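Down below is the structure, laid out as structure tokens.
Bear in mind these aren't lab numbers, they're just calculated from the coordinates by the rules spelled out. Please read these numbers as outputs of a predicted model, since none were measured by experiment. Note that each Cβ is placed from the backbone with ideal geometry, even for glycine, and that neighbours are counted across all protein chains shown.
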Amino acid sequence: MTMADARQIVCIQCPQGCTLRAEKLGTVPSYEITGNKCPRGRAYAIKELTNPSRTLTTTVATVFSDCPLVSVRTDGDIPLRDVFRAMQELNSYRAKKRLHPGEVMIADLAGTGVALLATSDMITPDTTN
Ligand code: SF4
């Protein structure tokens, strides 16, 4: 392996933001990870090398004029390669049911097997009282 095979990765698992150096070694891979202040950094670096993924947070349009947008997030990480396809699905999606935070909006986002949850309330407060 050469230095060119090593990657520098900033760990985003906690606010410390350690700068990691991650290198895949051998054809039956093992990994040399340095710069991490805790074991979570090693796990994060290996995941970044093998299957990078993220929790997707965004907003989705609704059919309700009093609540035209609702914030959402995935109920777990989805592979980075699927993020563009997921955003394409959401760009044409309109939420037709009022949800509370934590309720499932889409059970299987873009075939990833990961659910999309509402993270803001779509219920308009009753102001008639
Ligand atoms: S390696 Fe550990 S301490 Fe450093 S940013 Fe990642 S989680 Fe935080």
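In region 3-50, Cα pairs under 8 Å separated by at least six residues give a relative contact order of 31 percent.
Convex hull of alpha carbon positions in region 3-50: directionally averaged projected area 3.1 nm².
Partner aspartates and glutamates whose Cα lies under 19 Å from the Cα of LYS96, excluding those fewer than 8 positions away in the same chain, are identified as ASP66, ASP108, ASP121.
For region 1-79 versus region 100-122, the spacing of their alpha-carbon centroids is 21 Å. Straight-line cross-link reach from LYS47 at under 27 Å between alpha-carbon atoms covers these lysines, not counting any fewer than eight positions away in the same chain: LYS24, LYS37. Coupling constants for region 28-37 follow from the phi torsions by the Karplus curve (6.51 cos²θ - 1.76 cosθ + 1.60, θ = phi - 60°), and in residue order they are 8, x, 10, 10, 9, 10, 10, x, 7, 8 Hz; glycine and proline get x. Rounded to whole Å, the principal axis extents of the Cα atoms in the chain read 67, 30, 19, largest first. Packing, taken as the mean count of other beta carbons within 10 Å per residue, orders the peptides 74-86, 28-40 from highest to lowest as 74-86, 28-40.
For Cα pairs less than 8 Å apart in space and 6+ apart in sequence, what is the mean separation divided by the residue count of region 57-118, i.e. the relative contact order in percent?
Relative contact order of region 57-118: 36 percent.
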